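The next block holds one structure in the form of structure tokens; read it before the comments.
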Amino acid sequence: MNPFEMVVAIVAITAIASVIRAKYGVLRRGRGEAFVHRGPDPEAERLRAEVKALKDRVAVLERLATDSSTALEREFDKLRDRD
């Protein structure tokens with residue numbers, strides 16, 4: 001094995017090890033390593049709920065846009081009768 005191949009092998013092994021450490025949440029702090037437990041992110045959950053609500057609204061708007069005009073008029077009449 002020539003020196004160039006050895007350097008490439010060392011760099012590849014180091015890169016693979018750091019990817020594995022990042023995947024499993026191991027952080028290096030000082031001399032030791034600490035495992036970071038990743039729980040559910042409240043911001044991500046809020047954004048997921050918001051996206052779901054927006055998808056529901058878009059589905060309703062698509063349905064209204066593709067329905068015939070008589071069906072749309074019936075929907076408006078139903079809404080007027082509610083009030």
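Observations, loosely collected:
- Of the criteria (1) open to solvent by less than 70 Å² (accessible area, probe 1.4 Å); (2) of a type outside the set (Asp, Glu); (3) modelled with pLDDT of 85 or more, which one GLY25 fails: (3)
- Members of the range 44-75 found to be open to solvent by 100 Å² or more (accessible area, probe 1.4 Å) and of a type outside the set (A, V, I, L, M), listed by number: ARG46, ARG48, LYS52, LYS55, ARG57, GLU62, ARG63, THR66, GLU73, ARG74
The values are calculated or read from the model by the stated rules, or taken from the named source; none is laboratory data. This one's a predicted model, so the numbers in the text were calculated from it and none came from an experiment. Please note that ligands, DNA and RNA were not included when accessible areas were found on the heavy atoms of the full protein model with its side chains. Shrake-Rupley method; radii C 1.70, N 1.55, O 1.52, S 1.80 Å.
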